[in-house]
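A short write-up of the structure that comes next.
The values are calculated or read from the model by the stated rules, or taken from the named source; none is laboratory data. This is a predicted model, so every value here is computed, not measured. Cβ sites come from the backbone with ideal geometry, for glycine too, and all protein chains shown count toward neighbours.
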Amino acid sequence: MTSVNGSLDLEFEQDPQFLPLAARLRPTTLNDYVGQEHILGQGMPLRLAIEQSKCHSLIFWGPPGTGKTTLAEIIASHSNAEIERVSAVTSGIKEIRQAIDNAKQRAIHQQKRTVLFVDEVHRFNKSQQDAFLPHIEDGTIIFIGATTENPAFELNQAILSRARVYTLKKLTEKNLDVVLTKAHKAEESSQQITINLDKGAKKQLFACASGDARRLLNLFENCLDVVETQSQCKHISIETVVKVAGDKMALYDKGGDAFYDLISAFHKSVRGSSPDAALYWYARILHGGGDPLYVARRLLAIASEDIGNADPRAIQLALNAWDTFHRVGPSEGERAIAQAAVYMALAPKSNAVYRAFSSAKALAKQSADLDVPFHLKNATSSITRELGHGEEYRYAHDEPNAYAAGESYLPPEISDTQLYAPTERGLEKQLKDKLEYLRSLDRESHDQRYK
């Protein structure tokens with residue numbers, strides 16, 4: 001039913017029978033709220049602030065279905081405040097201004113506070129986020145933002161400095177069991193039936209929900225919709241849940257935290273020499289719609305950062321996998337990248353080059369004023385030769401073993417610096433032996449020079 005202007009009839013909107021189960025079971029008090037004991041347990045600061053109606057502006061950061069919106073509404077209720085809702089998905093500056101104006105009018109005419117709840121706040125740009133600042137500062141609103149993305153990266157520092165960040169976690173299986181038990185009883189009461197839920201079906205519901213209470217309730221409600229009532233009873237089996245749930249939704253959002261978490265897990269698995277985990281996280285990335293070439297690029301980084309000279313073939317294998325993908329397409333190309341991932345997981349590891357290069361960059365920054373020694377300068381003209389450029393330079397190929405023992409190629413002030421420290425792993429062990437041999441020749445040359 002709609003009104004003349006096309007909006008839903010208010011009475012129709014508020015009729016509980018038309019609300020989804022998740023909305024009907026939304027908790028209205030702290031005692032009914034499930035989960036997040038790490039911030040809402042007895043005696044915790046946030047719980048005390050809510051119970052004493054002294055809540056401050058804050059940001060809730062956590063996955064979907066963990067209770068961010070519900071908690072905002074509970075805070076408004078405990079604070080005897082009205083709640084204004086703004087979604088960054090559908091709202092802009094106009095809606096923000098309207099919500100602020102409503103808050104001002106409410107404070108003047110009703111002497112009542114306003115909680116401004118901003119869902120998906122990370123989707124607002126800098127100027128939109130800035131619009132909240134003066135009204136947070138003058139107390140016009142209690143600002144509550146909800147985000148699934150890391151606030152440190154997505155929100156203005158000005159907002160973060162005025163609002164406390166609380167991290168919400170996925171609900172545990174124990175939490176989900178509490179939610180499902182309430183739903184079970186509520187549906188039996190409202191439908192006047194008995195609901196038999198197999199133990200396996202319950203486990204499958206928990207697995208498919210993946211810590212998301214809203215998804216759990218939606219799945220449970222959908223299961224009830226598809227099974228027939230027989231003798232005033234509905235039976236939900238594991239087959240019912242699988243049929244309703246379909247393929248489990250991938251926890252993946254390109255560019256978001258879930259994306260970077262999967263990439264991080266993949267990189268750390270390769271670094272940790274676990275081919276099984278490397279393949280699993282790679283498959284998860286692909287299942288979530290990730291670009292296999294992003295993984296190929298990460299393998300190139302791993303080849304230089306984590307394997308280095310312990311196995312120089314790794315970087316070539318990564319390039320070959322990338323090239324194979326372009327030449328033969330995704331099906332075989334994805335497998336080539338998997339091959340490279342397994343190889344690198346089992347390759348000897350060394351970050352000696354990575355560390356040496358980092359140290360070299362830091363040293364270069366600290367000693368950028370040091371001049372190039374005269375013997376290393378290029379004698380490009382008669383003037384530079386007269387100045388001593390290239391003088392006493394020893395051409396390595398004319399020396400025994402093609403090595404000018406005792407020669408220094410660094411400025412005198414840092415001539416004793418040693419940056420590269422090869423490991424005992426893979427090919428790098430041979431490089432270490434070579435480096436130690438060359439340094440022994442340097443010591444002999446020094447000893448002979450100063451006898």
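I'd like the full set of residues that are buried (at least 16 other Cβ atoms within 10 Å of the Cβ) and among the hydrophobic types (A, V, I, L, M, F, W, C), limited to the range 179-192. 179, 180, 183, listed by residue number. Within the range 129-150, can you find the residues that are in contact with a helix residue (DSSP H, G or I) (Cβ under 6 Å, 6 or more places away or on another chain) and either assigned to a loop (DSSP other than H, G, I, E, B) or not hydroxyl-bearing (Ser, Thr, Tyr) (or both)? Matches in the range 129-150: 129, 131, 133, 135, 140, 141, 143, 144, 145, 146, 149, 150. Note on the range 228-250: among residues that are surrounded by 15 or more Cβ atoms within 10 Å (Cβ to Cβ) and assigned to a loop (DSSP other than H, G, I, E, B), the one that is modelled with the lowest pLDDT is 250.
Annotation: residue 169 fulfils all but one of (1) of a type outside the set (S, T, N, Q); (2) under 30 Å from residue 209 (Cα atoms); (3) buried (at least 17 other Cβ atoms within 10 Å of the Cβ); the unmet one is (3).
Please go through the range 155-166 and pick out each residue that is assigned to a helix (DSSP H, G or I) and buried (at least 21 other Cβ atoms within 10 Å of the Cβ). The answer is 159, and nothing else.
Please find, among 296, 283, the residue that is more than 30 Å from residue 390 (Cβ to Cβ), surrounded by 20 or more Cβ atoms within 10 Å (Cβ to Cβ) and out of contact with any Ser or Thr (no Cβ under 7 Å at 6 or more places or on another chain). That would be 296, the only listed residue that is more than 30 Å from residue 390 (Cβ to Cβ), surrounded by 20 or more Cβ atoms within 10 Å (Cβ to Cβ) and out of contact with any Ser or Thr (no Cβ under 7 Å at 6 or more places or on another chain).
Applying the criterion of at least 3 residues that are within 30 Å of residue 441 (Cα to Cα) and either out of contact with any His (no Cβ under 6 Å at 6 or more places or on another chain) or in the same structural domain as residue 436 (by TED's automatic domain parsing) (or both) to the helices (runs of 4 or more DSSP H) found wholly in the range 307-414 leaves 352-366.
Conditions (1) crowded, with 16+ Cβ neighbours inside 10 Å; (2) polar (S, T, N, Q), marked per residue:
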residue	(1), (2)
392	no, no
408	no, yes
431	yes, no
445	no, yes
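Conditions (1) more than 21 Å from residue 85 (Cβ to Cβ); (2) out of contact with any helix residue (DSSP H, G or I) (no Cβ under 9 Å at 6 or more places or on another chain); (3) assigned by TED's automatic domain parsing to the domain that holds residue 135; (4) crowded, with 20+ Cβ neighbours inside 10 Å, marked per residue:
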site	(1), (2), (3), (4)
27	no, no, no, no
43	yes, yes, yes, no
47	yes, no, yes, no
56	no, no, yes, no
60	no, no, yes, yes
73	no, yes, yes, no
